[in-house]
Amino acid sequence: MGERRFERATLILSRHWRSPDSELSFVARSVAGAASRTSEVCVVVPGPAGRPEPDGAFDLLGLGDGEDGSWPDPARATWPDSLPPGTTIVVDEPDAAARSLLAHFAPEHRVHAIAPAGTAGDRHAIPPLRFTAPPEGGTSELIRLHVPINPLAATHRHNGLGFTGYLLVLSDRTGAAGVSPPTPMVAWLTARFPGVHVVVVEDAVAAVWRGRALRGVVSVYTRTDLWRLVAHALVTIDLAPGPIVARECVESLRFGTPIVVPVGSAAQPHADAGAGLSFTGYAELLACVARLSDAGVRDRLSQRGRLYADARYGNPDAFVDSVARVLGFPAVSSPADGRADDSP
Amino acid sequence: MVREPLPELSGHPEEPAPAMFTRPSDAPEPLPPIHGDERVATLHRQWLRSTTTPTGGGGARWHRFHRLLGRITHRGSGSLDRELIGDLIRAVDAVAARCDEISERLAQQQTVLDDAVTILGEELTRLRAESAPLLGRAPEPSPLAPMPDG
């Protein structure tokens, strides 16, 4: 198969490309992959300039070294010089250093940001791409990010757990000395619901609590381990959703597990779409979980959530076309709305 | 996995979270009764044989056991020894019965304790959560937190 050549180009300016644990990296890599269907893609990262560095589907171009892994000053940066004039630029985090580079090297280019940054009214702020939308909002400008799952993960529970039907909590802390004591929200949950197992995922470990006591710890080695935990939970409580699309929440919804998420987080639009509940503090969190103890409520949210997440985040063709549309490129296919294309 | 901690959820210092137990409060499986233990049953069987008139081929074994008891007690085969051993066996029975009774009471206490901890802890937590909006998150000591010195 011959190499495709495009007249258009997309420059991905990514400071988080090499941080695979971050949602910014996941989204930047996904957008780069989708953009590659309709344009040339050039990925630029902080690092030594010169020879391109192979990294999977893309070669990474170093722009020069800044302090602490950030971007270099424009005076010391080596900007790629072979880009077409109409190149569209996507920057993962439009911080001051990135904006300085763009103002110096690409003042006339169309620029999109993945992460929101800056304050309202900031004339230097770059409008962010939209990956979530409120239920009543329009979806024409929405990037329908493809969040993949493996449906087979729902067929077997996690090997380390001998039970299902637990509350799964994705923790809001990292680097703790140990799993005990748990993060405060987990303490409230296990004290309020002493008869229910509370499984807390934190730093690649799942700690099982019941009746205010730690019952055991199992490892979460792979994404499939996490998916198994999500697929067999009563509800997923994400205390710190990802800032762009709340990836784990979308995965949970695609497995049919309702979510409980903080108000104001990137996951709230998912909950507001009828797929879960949102809270502002421990009192509301406990009330949400108590409400979801009703199997009827849980089943209703589960069905709505699965339909919503599969339709909006489960179709790779729709993702590619939405990226092309928002970046101003012609679409390559006709997406089938509501069709989830993940297959075992 | 993505983790983006939100400061407002990292804990409310003015409202301490419930304390955790270092050990589960669950009532364990009840202890098996010692009265029906095989060792006690063996003692009874042996005693029954020693006090039963031997018949047929069992006479030799009975004599051997009798001599064994005699060596243990450094006495003959008088009625005083048999009474003493009988008293000893009855004492073992009494201690076993008392142990079983204590085990049963302990199991009941563990169940009561677990129920109390579970029910009261749940109700207390629910009350704290429901009263939080009424209190406007006013600083208050946690009833489950250790009391300050002095």
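The values are calculated or read from the model by the stated rules, or taken from the named source; none is laboratory data. Just so it is clear, the structure is predicted and the values come from calculations on it, not from any experiment. Cβ atoms come from the backbone with ideal geometry, glycine included; neighbour counts cover every protein chain shown. Keep in mind that these areas ignore ligands, DNA and RNA; they rest on the heavy atoms of the full protein, side chains included. Shrake-Rupley method; radii C 1.70, N 1.55, O 1.52, S 1.80 Å.
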Looking only at the stretch A:156-173, count every residue that is within 14 Å of another protein chain (Cβ to nearest Cβ) and either without any contact (Cβ under 8 Å) to a residue 12 or more places away in the chain or not β-branched (V, I, T) (or both) and tell me the total. 5
Quick test of your reading of the structure: A:R18 fulfils all but one of (1) surrounded by fewer than 16 Cβ atoms within 10 Å (Cβ to Cβ); (2) within 14 Å of another protein chain (Cβ to nearest Cβ); (3) among the basic types (K, R). Name the failing condition by number. (2)
Residue list for the stretch B:9-24, filter: at pLDDT below 90 and either facing chain A (nearest Cβ under 7 Å) or open to solvent by less than 70 Å² (accessible area, probe 1.4 Å) (or both): B:L9, B:S10, B:G11, B:H12, B:E14, B:E15, B:P16
Of all residues being open to solvent by 10 Å² or more (accessible area, probe 1.4 Å) and not acidic (D, E) in the stretch A:225-243, which is farthest from A:L167 (Cα to Cα)? Just the residue, please. A:P243
In this structure, is A:A266 open to solvent by 10 Å² or more (accessible area, probe 1.4 Å) and either under 15 Å from A:L145 (Cα atoms) or of a type in the set (S, T, N, Q) (or both)? yes
Which numbered condition A:R15 misses (of (1) part of a helix (DSSP H, G or I); (2) more than 21 Å from A:H146 (Cα to Cα); (3) within 17 Å of the chain's Cα centre (by Cα); (4) not polar (S, T, N, Q)): (1)
Would you please list the contacts, defined by Cβ atoms under 9 Å and residues six or more apart or on different chains, that run from a residue in the stretch A:65-83 that is in contact (Cβ under 8 Å) with a residue 60 or more places away in the chain to a residue that is loosely packed, with under 14 Cβ neighbours inside 10 Å? none
I need the strands (runs of 3 or more DSSP E) fully contained in the stretch A:71-187, keeping only those with at least 2 residues that are within 20 Å of the chain's Cα centre (by Cα) and in the same structural domain as A:V208 (by TED's automatic domain parsing). A:166-170
Could you pull out the residue among B:A27, B:A41 that is under 30 Å from B:I102 (Cβ atoms), at pLDDT 85 or above and part of a helix (DSSP H, G or I)? B:A41
Search result, residues across the stretch A:199-219 that are touching a helix residue (DSSP H, G or I) at 6+ places or on another chain (Cβ under 9 Å) and in contact (Cβ under 8 Å) with a residue 40 or more places away in the chain: A:A206, A:V218, A:S219
Among residues of the stretch A:195-219, those that are open to solvent by 20 Å² or more (accessible area, probe 1.4 Å) and among the β-branched types (V, I, T), counted: 4
Determine if the stretch A:296-309 includes at least one residue that is within 14 Å of chain B (Cβ to nearest Cβ), part of a helix (DSSP H, G or I) and within 30 Å of B:S131 (Cβ to Cβ). no
Take the stretch A:202-249 and flag every residue that is charged (D, E, K, R), in a strand (DSSP E or B) and more than 19 Å from the chain's Cα centre (by Cα). A:R210, A:R215
Sole miss for A:L11 among (1) of a type outside the set (D, E, K, R); (2) in contact (Cβ under 8 Å) with a residue 24 or more places away in the chain; (3) open to solvent by 10 Å² or more (accessible area, probe 1.4 Å) is condition (3)
Does the stretch B:75-82 contain at least one residue that is modelled with pLDDT under 90, of a type in the set (A, V, I, L, M), at negative phi and assigned to a helix (DSSP H, G or I)? yes
Would you point out the residue of the stretch A:176-188, among those that are open to solvent by 10 Å² or more (accessible area, probe 1.4 Å) and within 11 Å of another protein chain (Cβ to nearest Cβ), that is nearest to A:V220 (Cα to Cα)? A:V179
Out of all the residues in the stretch A:113-123, is one or more at pLDDT 90 or above, touching a Phe, Trp or Tyr at 6+ places or on another chain (Cβ under 9 Å) and of a type in the set (A, V, I, L, M, F, W, C)? yes
Go through the stretch A:200-240 and count every residue that is more than 25 Å from B:T125 (Cβ to Cβ) and at the interface with chain B (Cβ under 9 Å from one of its Cβ atoms). 5
Residue satisfying condition, being over 30 Å from A:L83 (Cβ atoms), within 14 Å of chain B (Cβ to nearest Cβ) and open to solvent by less than 10 Å² (accessible area, probe 1.4 Å), within set A:A153, A:A191: A:A191
Within the stretch A:28-58, how many residues turn out to be of a type in the set (A, V, I, L, M, F, W, C) and open to solvent by less than 10 Å² (accessible area, probe 1.4 Å)? 8
